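A short worksheet on the structure shown next.
The values are calculated or read from the model by the stated rules, or taken from the named source; none is laboratory data. The structure presented is a predicted model; accordingly, all values stated were derived computationally and were not measured. Ideal geometry is used to build each Cβ from the backbone, glycine not excepted, and the neighbour counts take in all protein chains shown. For accessibility, only protein heavy atoms count, side chains too; no ligands or nucleic acids. Shrake-Rupley method; radii C 1.70, N 1.55, O 1.52, S 1.80 Å.
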Amino acid sequence: PIGIATVMRNIIANNDQKDAFTRELDIHVQKLLMALGGAERIQKTPIPTCLTRHTSRLLFVWSNMMPFAAYSACGPWFTLPVTIAISYSIMGIEDIGVQLEEPFNILPLRQYSDGVYDAVDFIASAYPDGVSTDIRK
């Protein structure tokens with residue numbers, strides 16, 4: 001993404017027209033880089049692994065003890081289905097929490113960067129051949 005932003009800045013800098021549209025493009029590239037910096041800070045913030053392990057172990061013990069607590073309220077026929085339904089729901093919430101700890105593993109970042117590359121290539125096609133936009137070398 002930084003390489004694409006560099007190409008975008010070079011295209012804007014090599015533009016012969018110095019008007020409000022060019023300044024606006026430069027402001028948008030600057031905002032993109034600021035958002036990229038914020039996303040990198042989020043990605044590099046370490047999540048303690050002991051938190052995830054502790055939560056998993058606690059849910060394992062809780063799920064195994066739940067039938068004993070639910071037996072008196074549900075009886076012998078409904079204890080197992082109620083335990084499975086509640087445990088499945090709680091484990092799903094825990095899995096969502098694990099995914100939120102690493103948000104960039106579930107986002108299609110490759111498709112986003114390919115889309116930005118195609119957009120930059122389209123913009124560069126309107127300029128003379130002196131502007132190099134190929135960053136995949």
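Some observations on this one:
- Based on the Kirkwood approach, the hydrodynamic radius assigned to the chain is 19.6 Å, with every pair of different Cα atoms included.
- Taking the protein heavy atoms of the chain in the context of the full set of protein chains, the accessible area attributed to carbon and sulfur is 66 percent at 1.4 Å.
- Only helical runs count toward this figure. For the chain, summing -39,500 (n - 2.57) over DSSP H runs of n ≥ 4 and dividing by all residues gives -27500 deg cm²/dmol at 222 nm.
- LEU32-ALA20 pseudo-label distance in nm [points 7 Å out on the Cα-to-Cβ vector]: 2.2 nm
- Within a Gaussian network of the chain (alpha carbon springs, distance under 10 Å), most fluctuating of GLY38, GLY97, GLY75: GLY75
- Mean projected area in nm² (Cα convex hull; one quarter of hull surface) for segment 7-87: 9.9 nm²
- Remark: segment 1-116 carries 76 Å² of accessible area per residue (probe radius 1.4 Å; ligands, DNA and RNA excluded).
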